[in-house]
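J.: Quick one: structure below, then a few questions.
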Amino acid sequence: MQSYLILTETVTYAIKGRDLLRKRGIRAKVEKMNSGKSGCSYAVAVNGNTDEALKILKNNGIRVLGVKEKQ
Amino acid sequence: MIYFDNAATTAVKPPNVVKAVNTALKQLSANPGRSGHTLSVKTAEAVYSVRERVADFFGATGPERVIFTLNCTHSLNCVIKGILRPGDHTVVSSLEHNAVMRPLKKTGTSFDAFEVSLYDDAQTLTAFERALKPNTRLCVCTGASNVLGKILPLKEIGKICRRRGILFCVDAAQIAGVEPIKLKEMNIDYLCVAPHKGLYAPTGTGLLICEAPLNNTLIEGGTGTNSIEWTQPLSLPERHESGTLNVPGIMGVGAGIAFVKSTGIEKIRRHEMKIIGKIYAAFEKNPQIELYTPSPEKYSYAPVLSFNFKGIDSLTAAEYLSENGIAVRGGLHCAPTAHRQIGTLPVGTVRISAGAFNTEAEADSLIRLTLNEKNIKKLKKSIE
């Protein structure tokens, strides 16, 4: 299954996002990454379809900076 | 030593706080929110869990609203210098610490102080409303005076601020862990906390909880994200947390809150007020002692008591007590405005402040020593 990295603004939001997703039964973990455009950032790594995860994050005020396929 | 200087910092820390700090030093020594390795992420998660605990304890909207600072003074500087701009007016209470007055003065903006009645909160509220101006942008007031212990009617002040569109900042150095504080219920926009006092955390820790925007930063630097930019990230808490965090201290904050919650704020408060009440009652009967407040048990007071020996300056009196194994604080307590109100400038007062670990037996020792006529006479003679 393809893994995706959901880019967040900070490690705080990445952890908050991960916890929210886990509470809804979505497996998620925090990873540091280089977003390319702005340098270091943190992401929430999830497997499979990201639609539900993105919806949960958005509904809880977590700004998503982008989604990348995990290599 | 008998320690009655808890308003400066609580010297006795609960075992779980000591353990949390030790554990952090051994197991969480990576830099949180910087690197991506397991230990860094584990440390970041531990820091985040304390943010959650703090947010829950004070009823903040979310853990990201919790900013870790160096101390309460740092938090107050962030708010005052971050908000005020030329033309703004601020209202403060007459009992503020220099942690409020000095940064306020530095901004060069105008401010007025409202007099806090030591007896009647309704009078305090009337004075507060009178001090407001059309350009009042901010109200900064202490939760409780660090000199007199008087607790301010925060809920009512917050209500007025909200109605008038004024930002409300509370210096909770003396009341966090002593009185319940709920940000939303009290309409507090910014809460500044000294966790090393009533939350029994280590020194070198501070909290700033922002329920309203705070865009201007006091310091800038590395935050672990958005590193290519030379501007600070916009989001909280990282916007105001440049540089490496005090992880052992933060773990101590989490453990301190756990201690206060498990013991119960009300239980701690009752215990501390019983001790202060006992000392007050003994002092009240003695003509050699001057007191400055009504009985703290009858009105709304934190466990802080100021007094003077008649004819002996406060520093000499505090030294006498220290030489006899009792730690109190003499002088102005960095709050000259409070001393101006009670007429104790420039000599100050001797301040006794109780904590959760003080005992009634310690209060008895303090009373015995303070009211020892022979010693006091000797002391008076020595300074003549």
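J.: Would you be able to tell me the number of residues in region B:22-37 that are within 13 Å of chain A (Cβ to nearest Cβ) and surrounded by fewer than 19 Cβ atoms within 10 Å (Cβ to Cβ)?
T.: So the count comes out to 5.
J.: Could I ask something else about it? When residues of region B:338-372 are filtered for being among the hydroxyl-bearing types (Ser, Thr, Tyr), in contact with a strand residue (DSSP E or B) (Cβ under 7 Å, 6 or more places away or on another chain) and buried (at least 22 other Cβ atoms within 10 Å of the Cβ), how many remain?
T.: Adding up the residues that qualify gives 2.
J.: If I ask for residues that are in contact with a Lys or Arg (Cβ under 8 Å, 6 or more places away or on another chain), at pLDDT 95 or above and in a helix (DSSP H, G or I), which ones from region B:35-67 would you list?
T.: Once the filter is applied, which keeps residues that are in contact with a Lys or Arg (Cβ under 8 Å, 6 or more places away or on another chain), at pLDDT 95 or above and in a helix (DSSP H, G or I), region B:35-67 yields B:Tyr48, B:Ala55, B:Phe57, B:Phe58, B:Pro63, B:Glu64.
J.: Cβ-Cβ under 9 Å, sequence separation 6+ or interchain: first residue in region B:38-59 and more than 12 Å from chain A (Cβ to nearest Cβ) and within 18 Å of B:Gly206 (Cβ to Cβ), partner among the small types (Gly, Ala, Ser) and in a helix (DSSP H, G or I). Which pairs?
T.: B:Arg53/B:Gly254; B:Arg53/B:Ala258; B:Val54/B:Gly254
J.: State all residues of region B:60-81 that are touching a residue at least 24 places away in the same chain (Cβ under 8 Å) and surrounded by fewer than 19 Cβ atoms within 10 Å (Cβ to Cβ); if no residue qualifies, say none. Write out each step before concluding.
T.: Applying the first criterion (touching a residue at least 24 places away in the same chain (Cβ under 8 Å)) to region B:60-81 yields B:60-61, B:64-81.
Within region B:60-81, B:Thr61, B:Leu70, B:Lys81 qualify.
J.: Quick check on B:Tyr301: is it buried (at least 19 other Cβ atoms within 10 Å of the Cβ), over 15 Å from B:Lys150 (Cβ atoms) and of a type in the set (Phe, Trp, Tyr)?
T.: The answer is no for B:Tyr301.
J.: Take the residues in region A:10-27 that are free of Cβ contacts under 8 Å to residues at least 12 places away in the same chain and more than 10 Å from every other protein chain (Cβ to nearest Cβ), then tell me which one is farthest from B:Pro233 (Cα to Cα). Break it down stepwise before answering.
T.: Residues of region A:10-27 free of Cβ contacts under 8 Å to residues at least 12 places away in the same chain: A:12, A:19, A:22-23, A:25.
Restricting the remaining residues to those that are more than 10 Å from every other protein chain (Cβ to nearest Cβ) gives A:22-23, A:25.
Numbers: A:Arg22: 26, A:Lys23: 28, A:Gly25: 31 Å.
My answer is A:Gly25.
J.: Within region A:58-71, work out how many residues are farther than 18 Å from B:Asn226 by Cβ and away from chain B (no Cβ under 11 Å).
T.: 5
J.: Next up: Yes or no: region A:28-42 includes at least one residue that is of a type in the set (Asp, Glu) and touching a residue at least 60 places away in the same chain (Cβ under 8 Å).
T.: no
J.: In addition: Suppose we keep only residues that are within 14 Å of chain B (Cβ to nearest Cβ) and exposed (fewer than 14 other Cβ atoms within 10 Å of the Cβ) within region A:32-54. Which one would you say is farthest from A:Glu69 (Cα to Cα)?
T.: A:Gly39
J.: Which condition does B:Gln232 not pass, out of (1) within 14 Å of another protein chain (Cβ to nearest Cβ); (2) over 24 Å from the mean Cα position of the chain (by Cα); (3) modelled with pLDDT of 95 or more, if it passes all the others?
T.: (3)
J.: Hey, another quick one. Can you confirm whether B:Leu236 is crowded, with 22+ Cβ neighbours inside 10 Å, in contact with a helix residue (DSSP H, G or I) (Cβ under 7 Å, 6 or more places away or on another chain) and either of a type in the set (A, V, I, L, M, F, W, C) or assigned to a loop (DSSP other than H, G, I, E, B) (or both)?
T.: yes
J.: Follow-up. I'm checking my understanding of the structure. Among residues of region B:315-334 that are of a type outside the set (S, T, N, Q), touching a helix residue (DSSP H, G or I) at 6+ places or on another chain (Cβ under 7 Å) and part of a loop (DSSP other than H, G, I, E, B), which one is surrounded by the most Cβ atoms within 10 Å (Cβ to Cβ)? I'd like the intermediate steps shown before the answer.
T.: To start, the set of residues in region B:315-334 that are of a type outside the set (S, T, N, Q) comprises B:315, B:317-321, B:323, B:325-334.
In the following step, the residues that additionally are touching a helix residue (DSSP H, G or I) at 6+ places or on another chain (Cβ under 7 Å) were identified as B:320-321, B:326, B:328-332, B:334.
Going one step further and asking which of them are part of a loop (DSSP other than H, G, I, E, B), we end up with B:328, B:330-332, B:334.
On the way: B:Val328: 26, B:Gly330: 23, B:Gly331: 17, B:Leu332: 22, B:Cys334: 16.
Here the residue is B:Val328.
J.: On to the next question. It is to be established whether one or more residues within region B:89-106 are of a type in the set (Asp, Glu), surrounded by fewer than 17 Cβ atoms within 10 Å (Cβ to Cβ) and in contact with a strand residue (DSSP E or B) (Cβ under 7 Å, 6 or more places away or on another chain).
T.: no
J.: Check B:Thr10 against each of (1) crowded, with 16+ Cβ neighbours inside 10 Å; (2) polar (S, T, N, Q); (3) more than 24 Å from the chain's Cα centre (by Cα) and name the one condition it does not meet.
T.: So the condition that B:Thr10 fails would be (3).
J.: Take B:Tyr190 and decide whether it is under 30 Å from B:Glu156 (Cβ atoms), more than 14 Å from chain A (Cβ to nearest Cβ), crowded, with 22+ Cβ neighbours inside 10 Å and out of contact with any Phe, Trp or Tyr (no Cβ under 7 Å at 6 or more places or on another chain).
T.: Here the answer is yes, as B:Tyr190 does meet what is asked.
J.: For B:Leu138, work out the one condition from (1) without any contact (Cβ under 8 Å) to a residue 40 or more places away in the chain; (2) touching a Cys at 6+ places or on another chain (Cβ under 8 Å); (3) farther than 30 Å from B:Gly277 by Cβ; (4) hydrophobic (A, V, I, L, M, F, W, C) it doesn't fulfil.
T.: If we test B:Leu138 against (1) without any contact (Cβ under 8 Å) to a residue 40 or more places away in the chain; (2) touching a Cys at 6+ places or on another chain (Cβ under 8 Å); (3) farther than 30 Å from B:Gly277 by Cβ; (4) hydrophobic (A, V, I, L, M, F, W, C), just (1) comes out false.
The values are calculated or read from the model by the stated rules, or taken from the named source; none is laboratory data. Model, not experiment: these values are computed from the prediction. FYI the Cβ positions are ideal-geometry reconstructions off the backbone, even for glycines, and counts take in every protein chain you see.
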